[in-house]
Amino acid sequence: MQTFLQLVINGLMLGGLFAIISIGLTLIFGIIRLVNFAHGELLMVGMYLTWIGTSQLGLHPYVLAPPVVLVLFVIGVLIQRFILQPLLDARDAHVQIFATVGLSTALINLALLVFGADLYATPAPGVREAIHFGPFRVLIGQLVMFGCGIAVVVALHLFLERSYLGRAIRATAQHRAAAQLMGVDVRRIYIVTFGIGAACVGLAAVLVAPLYPTSPTVGTYFVLTAFVVVVLGGMGSLHGAFVGALLIGLVDSLSAYYIAPDLKEVVIFGLFLLVLLVRPTGLFGLGRGSE
Amino acid sequence: MLTLHEVQAGYGRTTILHGISAEVRAGEVVTIVGANGAGKTTTLRSIAGLVRPTAGRITFEGEEIGRMQPHEVVARGITLIPEGRQLFPFMSVRDNLRMGAYTPAARARMQETLEEVLDLFPRLRERLDQYGGSLSGGEQQMVAIARGLMARPKLLMFDEPSLGLAPIIVRQVFDVVERIASTGVTVLIVEQNVFRTLSIADRGYVLENGAIVMSDTGAALLRDDHVRRAYLGI
Ligand SMILES: Nc1ncnc2c1ncn2[C@@H]1O[C@H](COP(=O)(O)OP(=O)(O)O)[C@@H](O)[C@H]1O
Ligand SMILES: [Mg+2]
């Protein structure tokens, strides 16, 4: 029983990691209806920034959260404004998706050029220490990540529900032309949304960097799970994605122990396909533009 | 107030409007009547900035608006209540109405406008917390009109507000349009219900295949042989 509970705790903590990585992807997909294939690479950029700040400037990664989040916001804004928006005016909307694939490849190669293929460990005093709750243990860094995941989902939810800008963002997702008729500058909405999505990845990067080594392809490693989370969570639903992430964390942790470590991915993607077959809108999806 | 001068517009390579000229003066109720596919919606979308004219000029209060983005047109005081309601389906009625008052000028007076609009549509008061998508067709049309009023427009454009509604609701819709016009809002309305529309309109234009073929007062068009034969089935 004790082993099982520890596995559940591990699974929830892993879920917290998946959640924080998936939030930005969910937001961008839910509002702009764009699958951002460069999402993992934005994480990678954020992790390198964190590594530079810690190893070169001697700062604690958590202290770097505000500047990294800000830089990623700006990067997101620039991507939407200067790469994706011009393509939106082009005839085929699918061109945008290919553009994010191209951006992903470009960023990986840029990282290879600048940093090489080595793995960089981000120094982070205290983050990898364990806290004990009776017989159970969790890493401080995991606990922080979990808390931040919840905080970000709640904050985004309040922002989208309560503020004028947030309402305009939801309106744009639900009916783009009608939003324009209300006086919403939808291009600006897309720019802000992409910026916020990228900023969320920036926060994820700061939290992930102390726990996992940074490399040019680190984003590819995480982003596949993030896609599963987004689909499972209901394609754009933030709280859906959060619950979906916890579910995948649990399945990951439990199946690695009780079935076989090598088979956990099979189990996760098997489950993923099953959900898609039974509920194509995801576990928590209301359908298009539900949030 | 609003002037269209030789406006051409279309979708992709197809030209739909072949040089339309028309005018709406402040305080008027003007209608554009025409068969399905004549280009009525395209005309309104061109004014609203959703379709970009390929030639000609659209001016509002002396300012060229034909090249503007939709949000810039709304900020000038022109609001379109689109064909098919186009509510935000997963937003409450209250939030739909709030979205109507999105421009800074309208936002500043939102509470006041909301009360006025709810006095005009008392039924919506009970529906404020329901999703826009969960209402009946008639109620959705009321929300669409109310949402348009929230912008406090100088010129309010209606695109087929009575389409698909039960006769009793249709009458309510036209009553509301008249009441709105009586408060001093200028109205440009497009309708398939030609008889009722011409009855409340000061002036009307007849649009056929993307060209204006006739224009006169509402009363004169109601008596016109061509209009009676083609649109009133008399
Ligand atoms: N989005 C569009 N793309 C291409 N053609 C369109 C589009 N919308 C309307 N049309 C065409 O433009 C013509 C005029 O349409 P519309 O302005 O909607 O007419 P009306 O409102 O008078 O019924 C029709 O032939 C219609 O098929
Ligand atoms: Mg039409």
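The values are calculated or read from the model by the stated rules, or taken from the named source; none is laboratory data. Computed from a predicted model, the values in this text were never measured in an experiment. Here the Cβ positions follow ideal geometry from the backbone for every residue, glycine too, while neighbour counts run over all protein chains shown. Remember, those area values only see protein heavy atoms, side chains included, never the ligands or the DNA or RNA. Shrake-Rupley method; radii C 1.70, N 1.55, O 1.52, S 1.80 Å.
For the structure I just gave you, tell me whether residue A:18 is buried (at least 18 other Cβ atoms within 10 Å of the Cβ), at negative phi and not in a helix (DSSP H, G or I).
Working: buried (at least 18 other Cβ atoms within 10 Å of the Cβ): yes; at negative phi: yes; not in a helix (DSSP H, G or I): no.
Answer is no for this residue.
Specify which of the listed residues (A:225, A:214) is among the polar types (S, T, N, Q), touching a strand residue (DSSP E or B) at 6+ places or on another chain (Cβ under 7 Å) and either open to solvent by 20 Å² or more (accessible area, probe 1.4 Å) or more than 20 Å from residue A:146 (Cβ to Cβ) (or both). Give the steps one after another, and end with the answer.
On the way: A:225 fails: touching a strand residue (DSSP E or B) at 6+ places or on another chain (Cβ under 7 Å).
Of A:225, A:214, the one residue that is among the polar types (S, T, N, Q), touching a strand residue (DSSP E or B) at 6+ places or on another chain (Cβ under 7 Å) and either open to solvent by 20 Å² or more (accessible area, probe 1.4 Å) or more than 20 Å from residue A:146 (Cβ to Cβ) (or both) is A:214.
Give the number of residues within region B:194-209 that are surrounded by fewer than 21 Cβ atoms within 10 Å (Cβ to Cβ) and touching a residue at least 24 places away in the same chain (Cβ under 8 Å).
The total comes to 7.
What number of residues within region A:132-142 satisfy the criterion of being open to solvent by 60 Å² or more (accessible area, probe 1.4 Å) and either in contact with a Pro (Cβ under 6 Å, 6 or more places away or on another chain) or not small (Gly, Ala, Ser) (or both)? Break it down into steps so the answer makes sense when it comes.
Keep residues of region A:132-142 that are open to solvent by 60 Å² or more (accessible area, probe 1.4 Å), which gives A:132-135, A:137.
Filter once more, keeping what is either in contact with a Pro (Cβ under 6 Å, 6 or more places away or on another chain) or not small (Gly, Ala, Ser) (or both): A:132-133, A:135, A:137.
Residues that pass the stated criteria total 4.
Which ones in region A:66-82 are open to solvent by 20 Å² or more (accessible area, probe 1.4 Å) and of a type outside the set (Phe, Trp, Tyr)?
A:66, A:67, A:69, A:70, A:71, A:74, A:75, A:77, A:78, A:81
Search region B:67-86 for residues being within 19 Å of residue B:159 (Cα to Cα) and part of a loop (DSSP other than H, G, I, E, B), and hand back the single one that is nearest to the other protein chains (Cβ to nearest Cβ).
Only one residue fits best here, namely B:86.
Only one of A:88, A:59 is in contact with a helix residue (DSSP H, G or I) (Cβ under 8 Å, 6 or more places away or on another chain), without any contact (Cβ under 8 Å) to a residue 24 or more places away in the chain and of a type outside the set (Phe, Trp, Tyr); which?
After ruling out the rest, the residue left standing is A:59.
In the set A:250, A:254, A:271, which member is open to solvent by 50 Å² or more (accessible area, probe 1.4 Å), hydrophobic (A, V, I, L, M, F, W, C) and part of a helix (DSSP H, G or I)?
Details: A:250 fails: open to solvent by 50 Å² or more (accessible area, probe 1.4 Å); A:254 fails: open to solvent by 50 Å² or more (accessible area, probe 1.4 Å).
That would be A:271, the only listed residue that is open to solvent by 50 Å² or more (accessible area, probe 1.4 Å), hydrophobic (A, V, I, L, M, F, W, C) and part of a helix (DSSP H, G or I).
Among the residues of region A:200-211, is there at least one that is in a helix (DSSP H, G or I), in contact with a helix residue (DSSP H, G or I) (Cβ under 9 Å, 6 or more places away or on another chain) and surrounded by fewer than 22 Cβ atoms within 10 Å (Cβ to Cβ)? Can you show your working first?
Initially, region A:200-211 is screened for residues in a helix (DSSP H, G or I), giving A:200-208.
Narrowing the set further to residues that are in contact with a helix residue (DSSP H, G or I) (Cβ under 9 Å, 6 or more places away or on another chain) leaves A:200-208.
Those still in the list that are surrounded by fewer than 22 Cβ atoms within 10 Å (Cβ to Cβ) too: none.
No, the conditions are met nowhere in region A:200-211.
Look at residue B:180 and say whether it is within 14 Å of the chain's Cα centre (by Cα), of a type in the set (A, V, I, L, M, F, W, C) and closer than 19 Å to residue B:33 by Cα.
On the way: within 14 Å of the chain's Cα centre (by Cα): yes; of a type in the set (A, V, I, L, M, F, W, C): yes; closer than 19 Å to residue B:33 by Cα: no.
Considered against the rule, which asks whether it is within 14 Å of the chain's Cα centre (by Cα), of a type in the set (A, V, I, L, M, F, W, C) and closer than 19 Å to residue B:33 by Cα, residue B:180 comes out as no.
Residues B:27, B:37, B:12, B:19: which one is within 16 Å of ligand 2 (Cβ to nearest atom) and among the small types (Gly, Ala, Ser)?
On the way: B:27 fails: within 16 Å of ligand 2 (Cβ to nearest atom); B:12 fails: within 16 Å of ligand 2 (Cβ to nearest atom); B:19 fails: within 16 Å of ligand 2 (Cβ to nearest atom).
On inspection, the qualifying residue turns out to be B:37.
Quick check on my filter: what residues within region B:11-55 are under 23 Å from residue A:183 (Cα atoms) and touching a His at 6+ places or on another chain (Cβ under 9 Å)?
Across region B:11-55, the qualifying residue is only B:49.
Run residue B:170 past the list (1) more than 16 Å from ligand 2 (Cβ to nearest atom); (2) within 12 Å of the chain's Cα centre (by Cα); (3) within 23 Å of residue B:198 (Cβ to Cβ); (4) not aromatic (Phe, Trp, Tyr) and report the number of the one that doesn't hold.
Among (1) more than 16 Å from ligand 2 (Cβ to nearest atom); (2) within 12 Å of the chain's Cα centre (by Cα); (3) within 23 Å of residue B:198 (Cβ to Cβ); (4) not aromatic (Phe, Trp, Tyr), residue B:170 violates only (2).
Quick one: in region B:43-57, which of the residues that are within 10 Å of ligand 2 (Cβ to nearest atom) and open to solvent by less than 10 Å² (accessible area, probe 1.4 Å) is nearest to the chain's Cα centre (by Cα)?
Out of the qualifying residues, it is B:44.
Quick check on this structure: which one of B:52, B:45 is part of a helix (DSSP H, G or I) and within 14 Å of chain A (Cβ to nearest Cβ)?
Every option except B:45 fails the conditions.
A quick yes/no check of all residues on (1) within 14 Å of chain B (Cβ to nearest Cβ); (2) open to solvent by 30 Å² or more (accessible area, probe 1.4 Å); (3) not in a helix (DSSP H, G or I):
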{"position": "A:144", "(1), (2), (3)": "no, yes, no"}
{"position": "A:147", "(1), (2), (3)": "no, yes, no"}
{"position": "A:155", "(1), (2), (3)": "no, yes, no"}
{"position": "A:169", "(1), (2), (3)": "yes, no, no"}
{"position": "A:172", "(1), (2), (3)": "yes, no, no"}
{"position": "A:183", "(1), (2), (3)": "yes, no, yes"}
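Quick one: residue A:160 ticks every box in (1) in contact (Cβ under 8 Å) with a residue 40 or more places away in the chain; (2) farther than 30 Å from residue B:153 by Cα; (3) within 14 Å of chain B (Cβ to nearest Cβ) except a single one, so which number is it?
(2) is the only condition that residue A:160 fails.
Provide a single number: the residues in region B:87-123 that are open to solvent by 70 Å² or more (accessible area, probe 1.4 Å) and more than 8 Å from chain A (Cβ to nearest Cβ).
Looking only at that region, the number is 12.
Here's the yes/no breakdown for (1) modelled with pLDDT of 95 or more; (2) closer than 18 Å to residue A:193 by Cα; (3) of a type outside the set (Lys, Arg); (4) in contact with a Cys (Cβ under 9 Å, 6 or more places away or on another chain):
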position	(1), (2), (3), (4)
A:33	no, yes, no, no
A:36	no, yes, yes, no
A:44	yes, no, yes, no
A:50	yes, no, yes, no
A:71	yes, yes, yes, no
A:84	no, yes, yes, no
A:87	no, yes, yes, no
A:98	no, no, yes, no
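Quick check: is even one residue across region B:25-41 within 14 Å of chain A (Cβ to nearest Cβ), surrounded by fewer than 24 Cβ atoms within 10 Å (Cβ to Cβ) and near ligand 1 (Cβ under 9 Å from one of its atoms)?
yes
Conditions tested, residue by residue: (1) in a helix (DSSP H, G or I); (2) more than 16 Å from ligand 2 (Cβ to nearest atom); (3) away from every other protein chain (no Cβ under 14 Å).
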site	(1), (2), (3)
B:188	no, no, yes
B:207	no, no, yes
B:213	no, yes, yes
B:230	yes, yes, yes
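Kindly evaluate residue B:177 against the criterion of being buried (at least 21 other Cβ atoms within 10 Å of the Cβ), among the aliphatic types (A, V, I, L, M) and under 18 Å from residue B:29 (Cβ atoms).
yes
Just need a number here: residues in region A:102-142 that are of a type in the set (Gly, Ala, Ser) and assigned to a loop (DSSP other than H, G, I, E, B).
6
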